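K.L.:
Starting off with a structure, shown below.
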Amino acid sequence: MRVHHLDCGSLREIDPVDRPGGPPLEPARAVVHCLLVETASDGLVLVDAGIGTADVKDPNERLGPDWVAFAEPSLDPALPAVRQVERLGFAPQDVRHIVLTHLHRDHAGGLRDFPHARVHVHEAELAAARADLGATYRQAQLAHGPRWTTYAEQDGEPWLGFDGVRPLRGLPAEILMVPLGGHSAGHAAVVVETGDRRLVHAGDAYFHHGELDRSAPVPHPVLEMVQRGAEVDRAMRLGNVARLAELGDGTEVFCAHDPWEFQRLQQWPTQDRP
Ligand SMILES: [Zn+2]
């Protein structure tokens with residue numbers, strides 16, 4: 001399966017964190033890392049919806065002024081997933097499915113640009129979003145009535161140290177949803193088996209590639225503040241990050257906002273691991 005790595009956001013610039021033995025890295029804007037997967041039988045599958053066209057047009061109403069002031073999204077009208085899908089030569093309705101790591105504003109804003117798509121998400125995440133009064137989730141981003149398909153986390157099977165892992169209704173078996181709690185109520189990772197390697201989109205389970213260092217995890221100082229403000233279960237999140245770090249060769253684990261992971265995966269396989 002062909003996979004495109006898309007930045008559907010472009011957030012504030014962050015400095016790299018020096019790590020012994022790592023390649024030199026430049027400051028970069030944090031990304032909103034989404035995947036566009038071309039499947040043989042089920043059209044295009046978008047993993048996370050990013051910041052959408054309505055968010056770019058009306059950021060204060062859709063994203064909230066405090067979040068906009070802190071995250072500094074570029075609001076470039078060329079970045080929403082729908083515009084990037086079109087530039088790749090597809091129509092918006094070719095995106096038949098959207099699989100979400102979670103429903104926070106920088107992951108769900110693009111849903112409205114694909115009203116015909118089936119949206120796959122954990123039941124607990126949708127329940128948390130519906131119960132929220134605007135502090136964490138944005139009701140305006142969900143008001144158009146997405147075509148939800150929800151999953152109970154306990155229903156899946158054990159898989160590589162994780163529990164509750166499952167394929168998704170109407171999608172090929174190469175795409176899996178993995179319960180990865182801690183950051184939000186029903187947070188998930190999304191796995192795409194491309195044939196030559198396994199991609200694991202870990203959402204906001206962690207924010208910086210240094211956190212996957214098994215001997216000495218290195219969070220990013222700015223992003224760590226954001227994580228501590230957002231996470232709902234720190235111990236569960238850290239346990240899941242440790243499990244992600246154990247996944248072996250042939251597996252590419254990445255999160256939603258690390259720009260250096262994004263740069264490496266866009267240039268794969270020529271770029272060294274940061
Ligand atoms: Zn996020």
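The values are calculated or read from the model by the stated rules, or taken from the named source; none is laboratory data. The structure presented is a predicted model; accordingly, all values stated were derived computationally and were not measured. Quick reminder, even Gly has a Cβ in these numbers, built from the backbone with ideal geometry, and neighbours come from all protein chains shown.
K.L.:
Among the listed residues ASP113, ASP76, which satisfies the condition of being among the acidic types (Asp, Glu), buried (at least 20 other Cβ atoms within 10 Å of the Cβ), more than 16 Å from the ligand (Cβ to nearest atom) and farther than 19 Å from GLY134 by Cα?
P.N.:
Numbers: ASP76 fails: buried (at least 20 other Cβ atoms within 10 Å of the Cβ).
Just a single option satisfies the conditions, and that option is ASP113.
K.L.:
Identify all residues within the stretch 111-155 that are of a type in the set (A, V, I, L, M, F, W, C), over 15 Å from ILE51 (Cα atoms) and part of a helix (DSSP H, G or I); write none if there are none. Please lay out each step first, then the result.
P.N.:
Step one: of the stretch 111-155, the residues of a type in the set (A, V, I, L, M, F, W, C) are 111, 114, 117, 119, 121, 124, 126-129, 131, 133, 135, 140, 142-143, 148, 152.
Next cut, over 15 Å from ILE51 (Cα atoms) only: 117, 119, 121, 124, 126-129, 131, 133, 135, 143, 148, 152.
Once the filter is applied, which keeps residues that are of a type in the set (A, V, I, L, M, F, W, C), over 15 Å from ILE51 (Cα atoms) and part of a helix (DSSP H, G or I), the stretch 111-155 yields ALA124, LEU126, ALA127, ALA128, ALA129, ALA131.
K.L.:
Exactly one of these conditions fails for ALA135: (1) modelled with pLDDT of 95 or more; (2) on the phi < 0 side of the Ramachandran plot; (3) within 16 Å of the ligand (Cβ to nearest atom). Give me its number.
P.N.:
Here ALA135 clears every test but (1).
K.L.:
Within the stretch 1-58, restricting attention to residues that are acidic (Asp, Glu) and within 16 Å of the ligand (Cβ to nearest atom), which residue is nearest to PRO221 (Cα to Cα)? Working first, answer last.
P.N.:
Residues of the stretch 1-58 acidic (Asp, Glu): 7, 13, 15, 18, 26, 38, 42, 48, 55, 58.
After this cut, where a residue has to be within 16 Å of the ligand (Cβ to nearest atom) as well, the list is 7, 48, 55.
Details: ASP7: 22, ASP48: 25, ASP55: 27 Å.
So, considering only residues that are acidic (Asp, Glu) and within 16 Å of the ligand (Cβ to nearest atom), the one nearest to PRO221 (Cα to Cα) is ASP7.
K.L.:
Output the residues belonging to the stretch 244-270 that are touching a residue at least 40 places away in the same chain (Cβ under 8 Å), surrounded by fewer than 17 Cβ atoms within 10 Å (Cβ to Cβ) and farther than 18 Å from THR194 by Cα.
P.N.:
GLU246
K.L.:
All but one of (1) touching a Gly at 6+ places or on another chain (Cβ under 7 Å); (2) in a helix (DSSP H, G or I) hold for ALA205, so report the exception by its number.
P.N.:
(2)
K.L.:
Inside the stretch 12-50, can you point out the residues that are surrounded by fewer than 20 Cβ atoms within 10 Å (Cβ to Cβ) and among the aliphatic types (A, V, I, L, M)? Break it down into steps so the answer makes sense when it comes.
P.N.:
Restricting attention to the stretch 12-50, the residues satisfying the condition of being surrounded by fewer than 20 Cβ atoms within 10 Å (Cβ to Cβ) are 12-13, 15-29, 38-43.
The answer is VAL17, LEU25, ALA28, ALA40.
K.L.:
Looking at the structure I just gave you, is VAL222 part of a loop (DSSP other than H, G, I, E, B) and either among the hydroxyl-bearing types (Ser, Thr, Tyr) or over 21 Å from ARG166 (Cα atoms) (or both)? Quick ask: steps written out before the conclusion?
P.N.:
Values: part of a loop (DSSP other than H, G, I, E, B): no; either among the hydroxyl-bearing types (Ser, Thr, Tyr) or over 21 Å from ARG166 (Cα atoms) (or both): yes.
No, not satisfied.
Yes or no, residue by residue, for (1) under 23 Å from PHE70 (Cα atoms); (2) β-branched (Val, Ile, Thr); (3) in a loop (DSSP other than H, G, I, E, B); (4) away from the ligand (no atom under 16 Å from the Cβ):
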{"position": "VAL226", "(1), (2), (3), (4)": "yes, yes, no, no"}
{"position": "GLY229", "(1), (2), (3), (4)": "yes, no, no, no"}
{"position": "VAL232", "(1), (2), (3), (4)": "yes, yes, yes, no"}
{"position": "ALA235", "(1), (2), (3), (4)": "no, no, no, yes"}
{"position": "GLY239", "(1), (2), (3), (4)": "no, no, no, yes"}
{"position": "ALA242", "(1), (2), (3), (4)": "no, no, no, yes"}
{"position": "ALA245", "(1), (2), (3), (4)": "no, no, no, yes"}
{"position": "HIS257", "(1), (2), (3), (4)": "yes, no, yes, no"}
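K.L.:
Now for a separate question. For the stretch 57-75, indicate whether the set of residues that are touching a strand residue (DSSP E or B) at 6+ places or on another chain (Cβ under 6 Å) and modelled with pLDDT of 95 or more is non-empty.
P.N.:
Step one: list which residues in the stretch 57-75 are touching a strand residue (DSSP E or B) at 6+ places or on another chain (Cβ under 6 Å), which gives none.
No, the stretch 57-75 contains no residue that is touching a strand residue (DSSP E or B) at 6+ places or on another chain (Cβ under 6 Å) and modelled with pLDDT of 95 or more.
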